[in-house]
Amino acid sequence: MWASVQAAITQLVGTSVGSMSFWERILYLIGKYGPSYLEGAGNTLLIAIIATAIGCIIGLGVGIVQTIPVSKKDNAVKRFVVRFFQVLLRIYVEVFRGTPMMIQAVFIYYGAAQMFNIYMGTMFAAFFIVSINTGAYMAETVRGGILSVDPGQTEGAKAIGMTHVQTMMSVILPQTLRNIMPQIGNNLIINIKDTCVLSVISVVELFFVHKGVAGALYTYFESATITMVIYLTMTLVCAKLLRWWEKKMDGSDSYDLATTDTLAHTTGMYNYPGQGSPYDEKSKEYDQKRGAKHV
Amino acid sequence: MSEMILQINHLSKSFGSHEVLRDIDFTVEKGDVTSIIGASGSGKSTLLRCVNLLETPTSGEILYHGTDITGPKVNAAAYRSHVGMVFQSFNLFNNMTVLENCMVGQIKVLKKSKEEARAHAMEYLEKVGMAPYINARPRQISGGQKQRVAIARALAMDPEVLLFDEPTSALDPEMVGEVLNVMQALAQEGMTMLVVTHEMAFARDVSSHVVYMNQGVICEEGTPEEVFGNPQRQETKDFLSRFRKN
């Protein structure tokens, strides 16, 4: 089948684009610019995945700091330092959540060059901008995730003598992570799509390629069709993979009884045959022995 | 005179202007099984939570082997590792299996090796009859089973005192017995226990000491025979008669 497509493409080369039908143009674009589209899609996916991962780490860090409990029992220095960082991080979250990523890209990319003489590569700039943007959103998600874990979990951990850090690491964060997985997936999909704004600083991602191709041959509709299909494929595959990963995190719905020892079901069940206790079905027996009636 | 573990002096606790506990005095000696009974809202649970520092007392002191643990310099986590607590809502760690629930404290807090923690956890899980379920997660077992695991988790820390905050109140009636059986056996083994409970049969038959609380104060206390057999205060009589009718 691919051979016939290739044959069709070879036939099309040399023909003028203006005289082609819609499907012929699509084939032509794929034949001529296929590798460019793939490169763009690859970069889009790379930026989205890595920046989402870094963003999650930033968000986790910020969320953890935002939920450090400060009590009046703590000394003044600790209280000041924690409060200071909490306010600082609050500002970071509000600024990056409250402005468009497109303008952030321009601001940081050109600002760094003009103010600090830092000329970062466009790909580096892309990772940087999408990461801190995702981090701002994830910070709130993580904070919400931490707060959504039943306070009883914290009390259970405290009651066996765990410190705040131990409680967070062993009990709260694993549950938080599971709870915010759908939101992480959401962010990944948003990032796959929203990296297109990075074309404003000439990052070679999928939208940038589309703009180039469409502008060169005036094939806006055809190129947009191809680009749409590629974006949709990427987001659907990612969504599916994340669902699968979530299921894996949940573990099996069934469990094995550890019954290597045939006595395991009864060992130490605290039964007093012939004596009974006031709380089980033998209570009558127990009452008779006591010679008293139940309260 | 046996060894004094906890001594509570003039303990008060307010939530805002609402005074929940007023001038509470009582002691826990080694081997005591103290039942705290009383109507809902009388401050029983708050008292227990103060003892474990899950609530900060407004005033008064809690002496643990003679050291006041309400002070600012006290390491609350270290103190809590000696005082186990069993909650009404179990509070098992949802992200761990039954066995891991009983191991994590030993490993993180007591710094035991995995093998040691496992062996110790198994010992107590067998005791409460939950050994076959070590691979289950909390969401997969019943309420009574959860509570027995929670008791094993607390016991695995080798606490000096075990606090029970209405351990059977969230359970279906048929599951109450299995938890109370475990508690009764612990009492017979000499475990020091402080139990907030609505199970009058447990308070009467198992405990060595009964405290009746009413509106934030200790209204009456004594042996089960004294409190149940011959209550002195009218409030106590009224409270107990309400239970007898049911």
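Only the coordinates and a few stated rules stand behind these numbers; no lab work does. Not measured: the values here are computed from a predicted model. Ideal geometry is used to build each Cβ from the backbone, glycine not excepted, and the neighbour counts take in all protein chains shown.
Close amide H pairs (under 5 Å, H built 1.01 Å from N) link residue B:219 with B:212, B:213, B:214, residues at least 5 positions away or on another chain. Pairs with C-alpha atoms separated by more than 26 Å, drawn from the list A:72/B:146; A:158/B:112; A:78/B:114, are A:72/B:146; A:78/B:114. Summing charges over all other residues whose Cβ lies under 14 Å from the Cβ of residue A:216, with Lys and Arg as +1 and Asp and Glu as -1, gives +2. Here residue A:164 and residue A:232 are evaluated by their C-beta separation; at R0 = 30 Å the FRET efficiency comes out at 0.10. Positive end of the dipole of the protein assembly as shown (Cβ unit charges, origin at the Cα centre): among A:80, A:170, A:27, the Cα lying farthest that way belongs to A:27.
Residues of region B:68-92 with an amide N closer than 12 Å to a point placed 7 Å from the Cα of residue A:75 along the Cα-to-Cβ direction: B:73.
If both residues of a DSSP beta bridge must be in chain B, then about 55% of such bridges are antiparallel. Relative contact order, whole percent, for region A:160-242 stands at 29, derived from Cα pairs under 8 Å and 6 or more residues apart.
Residues whose amide H falls under 5 Å from that of residue B:161, counting only those 5 or more places apart or on a different chain, are B:84, with hydrogens built in the peptide plane. Each residue, residue B:244 and residue A:7, gets one label point 7 Å from its Cα in the Cβ direction; the gap between the two is 10.3 nm. Beta bridges assigned by DSSP with both partners in the protein assembly as shown are antiparallel in approximately 55 percent of cases. List the residues of region A:125-165 whose backbone N lies under 17 Å from a point placed 7 Å from the Cα of residue B:15 along the Cα-to-Cβ direction. Counting backbone N atoms under 17 Å from the label point, the list is A:151-152, A:155.
Would you mind classifying region B:101-172 by shape? Square roots of the alpha carbon gyration tensor eigenvalues, ordered a ≥ b ≥ c; an a/c under 1.5 is rounded, otherwise it is prolate if a/b is larger than b/c and oblate if not. Oblate is the answer for region B:101-172, as a/c is 1.5 or above yet b/c matches or exceeds a/b.
Protection proxy ranking for A:100-112, B:194-206, using the average of other Cβ atoms within 10 Å per residue and placing the highest first: B:194-206, A:100-112.
Take the Cβ atoms of residue B:172 and residue B:75, set R0 to 41 Å, and the FRET efficiency comes out at 0.60. Using C-alpha pairs under 8 Å with a sequence gap of at least 6, the mean separation divided by the residue count of region B:87-212 gives a relative contact order of 28 percent.
Loop-located trypsin sites (Lys or Arg not before Pro) in region B:106-159 (DSSP state other than H, G, I, E, B) with a sparse environment of at most 12 neighbouring Cβ atoms within 10 Å: B:111. In order along region A:173-184, the phi-based Karplus estimate (6.51 cos²θ - 1.76 cosθ + 1.60, θ = phi - 60°) of 3J(HN,Hα) comes to 5, x, 6, 4, 4, 5, 5, 9, 3, x, 6, 5 Hz; Gly and Pro are listed as x. The Cβ shell under 13 Å around residue A:252 holds other residues with a net charge of +1, Lys and Arg each +1, Asp and Glu each -1. Label zone of residue A:19 (point 7 Å out along Cα→Cβ, amide N under 19 Å): in region A:212-254 this covers A:217-219. Here residue B:123 and residue A:39 are evaluated by their C-beta separation; at R0 = 60 Å the FRET efficiency comes out at 0.45. In degrees between 0 and 90, to the nearest 10, how far off the longest principal axis of chain B does helix B:143-155 point, with axes built from Cα atoms? Compared with the principal axis, the helix lies near 90 degrees.
Taking every C-alpha pair closer than 8 Å and separated by at least 6 residues, the mean separation divided by the residue count of chain B gives a relative contact order of 26 percent.
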